[in-house]
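Colleague: What follows is a single structure, and I will ask about it in a moment.
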Amino acid sequence: MYEEYISHISTEITEEIEKFVDDEVFGKVEYLFIENENGVYQGHCTKCHNECELDQYYKHNGYGVCPICGAKLQVKQSRYGRKNCKNDACFYYFEKSVKNPRVVICKGYYVKRDYTTDYKNPVTEYLLEAIYIFEDKKSKMLKRNYSYFGGLSWSEKKSVFDFNQGWFSPKMCYISRESIEEASKNTRFQYIPKELLEGYHSTIKVFDEFAKYPWLEQLYKIGFNNIVENKIRGSHIYNCLNYKGKDIFKILRLSRKDVKDIINSKEIITPLFLNLYQLQIKDKSMLLPSEIKKLEREYQGYIVKLKNILKYTSMRKAVKYIEKQYEKYKKYYASKGSVAITWSDYIENCIELEMDLKSEHVLYPKDVYKLHQNTMKQVKVRADKITNEKIAKRVDVLNEKYYFEYKNLVIRAAESTEELILEGKMLSHCVATNYTKPYAKGETNILLIRKISELDKPYYTVEIKGDEIKQVHGKSNCSPNKEVKEFIEAFKAEKLDKKKTKIKISVPA
Ligand SMILES: [Zn+2]
């Protein structure tokens, strides 16, 4: 399947690529090799490839100037070893597809230049590491595979990203801007705003996004550049774009007038701003762009809570209510956002308690903080009740299977949340907090060992899963004492050792 992609590219290292590598990739890291011939310093510049006589002595590894091309270069005295005289870097080079002039290709190379054997003829090696194909409404990335067996093979990546990561990340990386211009000519990529290609953003991501979403160009031009930049950066964009939209207004979920109003307001149109604007259009709050900007600042970190609230009321009403609560009960709240948290959590409680949120009294309580304290308690009581009902259903079955008396001790199933809390409190361990819910759900079994003389007093707590005793804990998580150990052994033999019981049953009397 890669043949299809590969057919778009030419793997030839053209003169243009060589020139780019000479000038821009290695241009500043070439060397001035110096040889001392009978007291005359003979220089060789690897940048302009000229020989020259030097009228000055330069120190090894210091810097010198080539008298012919004027480049400032690192000096290497040729009598020293040259094993470190190697340079490498990554670069991106754009070209038109050889198959379709409307398709733009980008090749990602790793390039090495080695001066160690013959500094006058350094060896330059080009390794093609990645191929990018930018077409109409789609983009592809192929990355070179490395295998122990050698050979060149490619794998297609699920998304398009900069190849110079991992092992390549410390290397310098260059992009041929000239090649971008040449390759984009007469394709729609020529309309990519220049600012986006100036190095602040990943050029690969810019091409990727503009290939997939041609309308980003229009979005950028009409003033939604912040949205486009966030999209390229891969930031959270609050679901503010409708990718299936047939035109720019459908994509923005806004009318022509809304777009005009927003642009004329001169506010910075961030993804969150746009999302809030869209939400209030939907619920007919009719807020102004400047009002939305204020909300964006106030609710930035609380947007999930605010959106939860907006399921039950409009933005205009919600904001008005929050502001009133905040003004009236400032002692409870650090910000308007914290009112939103309380209110949203209160609404969640109301749903659990099956209260009617359509009633204004329920949805907009006089003091939502106080009422939330109350609903939290009710929810907890309700949850405990449900847990206890579940436990109660299990107790008889468990006791039938595990109830056991031996000498002075007895073991039985835990009967309620309260009992588990008491057990945890008296013995200082974590049964109540960690095991109540799994026990109620039947994921594990919690049994209590008590002295027959003190049936109500917590003594040891046992967890049994399947036919295995997982843990036995007494006060402060202590291990069983001698009496309890003996009891456990007897309990195991009688209740858990299935093989033994089986034999008992299967052997005829
Ligand atoms: Zn030179």
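The values are calculated or read from the model by the stated rules, or taken from the named source; none is laboratory data. Computed from a prediction, not measured in an experiment: that's the story for all the values here. Positions of Cβ are generated from backbone atoms using ideal geometry, with glycine treated the same way; all protein chains shown enter the neighbour counts.
Colleague: So, in segment 24-45, exactly how many residues are closer than 14 Å to residue 87 by Cβ and either surrounded by fewer than 17 Cβ atoms within 10 Å (Cβ to Cβ) or in contact with a helix residue (DSSP H, G or I) (Cβ under 6 Å, 6 or more places away or on another chain) (or both)?
Modeller: Of the residues in that region, 4 qualify.
Colleague: Conditions: (1) buried (at least 19 other Cβ atoms within 10 Å of the Cβ); (2) within 38 Å of the chain's Cα centre (by Cα). Residue 443 meets all but one. Number of the miss?
Modeller: (1)
Colleague: Further question: Can you name the residue in segment 161-209 that is exposed (fewer than 15 other Cβ atoms within 10 Å of the Cβ) and within 20 Å of the chain's Cα centre (by Cα) and is also farthest from residue 221 (Cα to Cα) among such residues?
Modeller: Applying the filter and picking the extreme gives 166.
Colleague: Somewhere in segment 25-36, is a residue within 16 Å of the ligand (Cβ to nearest atom), modelled with pLDDT of 90 or more and in contact with a Gly (Cβ under 6 Å, 6 or more places away or on another chain)?
Modeller: Looking for residues that are within 16 Å of the ligand (Cβ to nearest atom), modelled with pLDDT of 90 or more and in contact with a Gly (Cβ under 6 Å, 6 or more places away or on another chain), one finds at least one in segment 25-36, hence yes.
Colleague: Determine, yes or no, whether residue 449 is modelled with pLDDT of 95 or more and either more than 50 Å from the chain's Cα centre (by Cα) or part of a strand (DSSP E or B) (or both). I'd like the intermediate steps shown before the answer.
Modeller: Values: modelled with pLDDT of 95 or more: yes; either more than 50 Å from the chain's Cα centre (by Cα) or part of a strand (DSSP E or B) (or both): yes.
Yes: the conditions hold for residue 449.
Colleague: Residue under question is residue 228, and the condition is that it be more than 25 Å from the chain's Cα centre (by Cα) and either assigned to a helix (DSSP H, G or I) or surrounded by 15 or more Cβ atoms within 10 Å (Cβ to Cβ) (or both); does it hold? Even if it seems obvious, please write down each step before you answer.
Modeller: On the way: more than 25 Å from the chain's Cα centre (by Cα): no; either assigned to a helix (DSSP H, G or I) or surrounded by 15 or more Cβ atoms within 10 Å (Cβ to Cβ) (or both): yes.
Criteria not met by residue 228.
Colleague: Next question, about the same structure. Being loosely packed, with under 13 Cβ neighbours inside 10 Å and among the β-branched types (Val, Ile, Thr) is true for just one of 123, 104. Which residue is that? It would help to see each step written out before you state the result.
Modeller: On the way: 104 fails: loosely packed, with under 13 Cβ neighbours inside 10 Å.
None of the others qualify; the one that does is 123.
Colleague: When you go through 411, 421, 469, 464 one by one, which is the residue that is modelled with pLDDT of 95 or more and not acidic (Asp, Glu)? Even if it seems obvious, please write down each step before you answer.
Modeller: Details: 421 fails: modelled with pLDDT of 95 or more; 469 fails: modelled with pLDDT of 95 or more; 464 fails: modelled with pLDDT of 95 or more.
That would be 411, the only listed residue that is modelled with pLDDT of 95 or more and not acidic (Asp, Glu).
Colleague: I'm trying to understand the selection: among the residues of segment 309-336, which are crowded, with 19+ Cβ neighbours inside 10 Å and in contact with a Leu (Cβ under 8 Å, 6 or more places away or on another chain)?
Modeller: 310, 313, 315, 318, 319
Colleague: Filter segment 64-86 down to the residues that are within 16 Å of the ligand (Cβ to nearest atom) and assigned to a strand (DSSP E or B), then identify the one that is surrounded by the fewest Cβ atoms within 10 Å (Cβ to Cβ).
Modeller: Of everything passing the filter in segment 64-86, 72 is surrounded by the fewest Cβ atoms within 10 Å (Cβ to Cβ).
Colleague: In addition: Here are the criteria: (1) under 22 Å from the mean Cα position of the chain (by Cα); (2) more than 15 Å from residue 137 (Cα to Cα). Tell me which single one residue 243 does not satisfy.
Modeller: That leaves (2) as the condition not met.
Colleague: On to the next question. I want to confirm something. Restricting to segment 46-63 and keeping residues that are under 48 Å from the mean Cα position of the chain (by Cα) and surrounded by 13 or more Cβ atoms within 10 Å (Cβ to Cβ), which single residue is nearest to the ligand (Cβ to nearest atom)?
Modeller: 48
Colleague: Moving to a separate point now. Do the conditions hold for residue 263, that is, is it part of a helix (DSSP H, G or I) and of a type in the set (A, V, I, L, M)? So that I can check it myself, show each step before the final result.
Modeller: Values: part of a helix (DSSP H, G or I): yes; of a type in the set (A, V, I, L, M): yes.
Yes; evaluated as a whole, the condition is true for this residue.
Colleague: Which one is nearest to the chain's Cα centre (by Cα) among residues in segment 119-144 that are closer than 30 Å to residue 82 by Cβ and free of Cβ contacts under 8 Å to residues at least 24 places away in the same chain? Step through it out loud before you land on a result.
Modeller: Within segment 119-144, the subset closer than 30 Å to residue 82 by Cβ is 119-129, 144.
So of that shortlist, the ones also free of Cβ contacts under 8 Å to residues at least 24 places away in the same chain come out as 121, 123, 125, 127, 144.
Working: 121: 47, 123: 42, 125: 36, 127: 31, 144: 25 Å.
Checking each candidate, the answer is 144.
Colleague: If I ask for residues that are over 25 Å from the mean Cα position of the chain (by Cα) and either in a loop (DSSP other than H, G, I, E, B) or closer than 18 Å to residue 10 by Cβ (or both), which ones from segment 145-157 would you list?
Modeller: Within segment 145-157, 146, 147, 148, 149, 150, 151, 152, 154 meet the criteria.
Colleague: Which residue pairs have Cβ atoms closer than 8 Å, lie 6 or more positions apart in sequence or on different chains, and pair a first residue in segment 56-71 that is within 20 Å of residue 85 (Cα to Cα) with a second residue that is acidic (Asp, Glu)?
Modeller: Once the first residue is within 20 Å of residue 85 (Cα to Cα) and sits in segment 56-71, its partners that are acidic (Asp, Glu) give 71/30.
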